[in-house]
Amino acid sequence: MLRTQGNAQYRFLDFRDAEPGDRFCCVRHTPYGNRVCALEMAEVIAVDAKRVHCQLAGRKKRWSFRKTAEQPDCYVEEDPLFQSIALRFRQAERVERIKGWIQKAPVEAFDDRVCAAIENWHRRRE
């Protein structure tokens, strides 16, 4: 059973009691940055005396690490901190997708209704 250790500022999963079948989430950051670039589900495949062997969902490659090593970018789904990170990540992804649509759209696609909605949103933000 995976348990979260640490405090509100720094949390990590305790893998000492990990069992095959335990599921957790990995948060991947941009290199040398603090921006989240992916959320990936992972599962504990096997546990031996010193190491935990895991596999990311949808990938064949496995990885392992020492049981006693802290894994600061791994969370259980129920963790409120992870839920907050996941919500912000999904919102940021959605905004980037919408920005791309707006940049690629021809000028004729923006009727008065669309322009008014964007202007109203901008006024509320100021």
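The requirement of being modelled with pLDDT under 90 and touching a strand residue (DSSP E or B) at 6+ places or on another chain (Cβ under 9 Å) is not satisfied by Pro80. Quick one: in the stretch 113-126, which of the residues that are charged (D, E, K, R) and either at pLDDT below 90 or touching a helix residue (DSSP H, G or I) at 6+ places or on another chain (Cβ under 9 Å) (or both) is surrounded by the fewest Cβ atoms within 10 Å (Cβ to Cβ)? That would be Glu126.
Within the stretch 105-119, not a single residue is in contact (Cβ under 8 Å) with a residue 40 or more places away in the chain, part of a helix (DSSP H, G or I) and of a type in the set (D, E, K, R). Scanning the stretch 38-89 for residues being closer than 13 Å to Ala18 by Cα and touching an Asp or Glu at 6+ places or on another chain (Cβ under 8 Å) gives a total of 4. Note on the stretch 74-87: residues that are over 15 Å from Val44 (Cα atoms), surrounded by 11 or more Cβ atoms within 10 Å (Cβ to Cβ) and acidic (Asp, Glu) amount to 1. A single entry from Cys26, Cys54, Cys37 fulfils the requirement of being closer than 28 Å to Ser84 by Cβ and free of Cβ contacts under 8 Å to residues at least 12 places away in the same chain: Cys37. Each residue in the stretch 13-39 was checked for being surrounded by 16 or more Cβ atoms within 10 Å (Cβ to Cβ), outside any loop (DSSP other than H, G, I, E, B) and more than 12 Å from the chain's Cα centre (by Cα), and 2 pass. Annotation note: of Phe89, Phe15, Phe110, the sole residue that is modelled with pLDDT under 90 and either closer than 27 Å to Met1 by Cβ or touching a Lys or Arg at 6+ places or on another chain (Cβ under 7 Å) (or both) is Phe15. Looking at Arg59, Arg51, Arg90, Arg94, just one residue is surrounded by 10 or more Cβ atoms within 10 Å (Cβ to Cβ) and touching a strand residue (DSSP E or B) at 6+ places or on another chain (Cβ under 8 Å), and that residue is Arg51.
The values are calculated or read from the model by the stated rules, or taken from the named source; none is laboratory data. This is a predicted model, so every value here is computed, not measured. Here Cβ is always computed from backbone atoms with ideal geometry, including for glycine, and neighbour counts include all displayed protein chains.
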